[in-house]
Amino acid sequence: RAPTLDAGWEDVVAALADGPLAGLPVVVGGRSSGARVACRTAAACDAAAVLCLAFPVRPPGRPDAPDRLAELAAAGVPVLVVQGAADPFGVPPVDGPAELVVVDGDHSLRRGLPATAAAVRAWLDRVLPPVSD
């Protein structure tokens with residue numbers, strides 16, 4: 001359930017932020033359900049940004065189900081969604097609450113891996129400050 005996932009995620013991010021990642025900006029993210037968790041916990045994790053891979057807009061075959069776009073909007077920090085063009089969970093709108101990159105493929109993003117990697121690198125360069133040595 002969402003509260004359990006969120007609490008566990010917040011504990012992991014806190015341990016990393018207080019340990020090996022201390023002082024660095026934190027980008028939280030995940031794929032599918034993990035992307036939803038990252039959006040819901042961005043503020044609690046003091047995230048600088050959120051990366052969503054294959055964000056599940058609504059359950060497949062359920063056009064009547066409410067969409068989950070409010071979770072993207074609630075992150076409160078820059079959000080990148082990388083979505084497969086044929087994702088059965090849908091594709092967020094281009095003018096929605098997150099920056100959107102659509103790649104070849106479906107919910108697995110397997111066919112779009114090179115494009116996904118390039119999009120994520122470019123986005124991170126834009127949203128994160130340079131790290132000094």
Open item on the list: Over the chain, what is the relative contact order in percent, taking alpha-carbon pairs closer than 8 angstrom and at least six residues apart?
Closed with: 18 percent
Open item on the list: Between 0 and 90 degrees, rounded to the nearest ten: what's the tilt of helix 2-18 against the longest Cα principal axis of the chain?
Closed with: 30 degrees
Open item on the list: Can you give me the solvent accessible area of W9 with a 1.4 Å probe, rounded to the nearest 10 Å²?
Closed with: 70 Å²
Task: Computed accessible area, T4, all protein chains, 1.4 angstrom probe, square angstrom - done: 100 Å²
Open item on the list: Can you classify the range 54-133 as rounded, prolate or oblate using the Cα gyration tensor, where a ≥ b ≥ c are the square roots of its eigenvalues, rounded means a/c under 1.5, and otherwise it's prolate if a/b beats b/c and oblate if not?
Closed with: oblate
Open item on the list: Let me make sure I get this right: for the range 1-107, a, b and c are the square roots of the gyration tensor eigenvalues over alpha carbons, sorted descending. Under 1.5 in a/c it's rounded, otherwise prolate if a/b > b/c, else oblate. Which is it?
Closed with: prolate
Task: Å² of accessible area per residue within the chain, as computed with a 1.4 Å probe and no ligands counted - done: 54 Å²
Task: Directionally averaged shadow of the range 1-63, computed from the convex hull of its alpha-carbon atoms, nm² - done: 4.5 nm²
Task: For the chain, calculated [θ]222 nm from helices alone, where every DSSP H run of n ≥ 4 adds -39500 (n - 2.57) - done: -11000 deg cm²/dmol
Open item on the list: Loop only by DSSP, 11 or fewer other Cβ within 10 Å of the Cβ. Give me the trypsin sites (Lys or Arg not before Pro) in the range 31-133 that pass, ordered by residue number.
Closed with: R110
Open item on the list: Can you give me the angle between helix 113-127 and the longest principal axis of the chain, using Cα atoms only, in degrees from 0 to 90, rounded to the nearest 10?
Closed with: 50 degrees
TODO: Over the alpha-carbon set of the range 34-74, divide Rg by the Kirkwood Rh and report the Rg/Rh ratio to two decimals.
DONE: 1.02
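The values are calculated or read from the model by the stated rules, or taken from the named source; none is laboratory data. The structure displayed is predicted, hence computed values, not measured ones. FYI the Cβ positions are ideal-geometry reconstructions off the backbone, even for glycines, and counts take in every protein chain you see. Just so you know, the surface numbers come from the protein's heavy atoms only, side chains and all, with ligands and any DNA or RNA stripped out. Shrake-Rupley method; radii C 1.70, N 1.55, O 1.52, S 1.80 Å.
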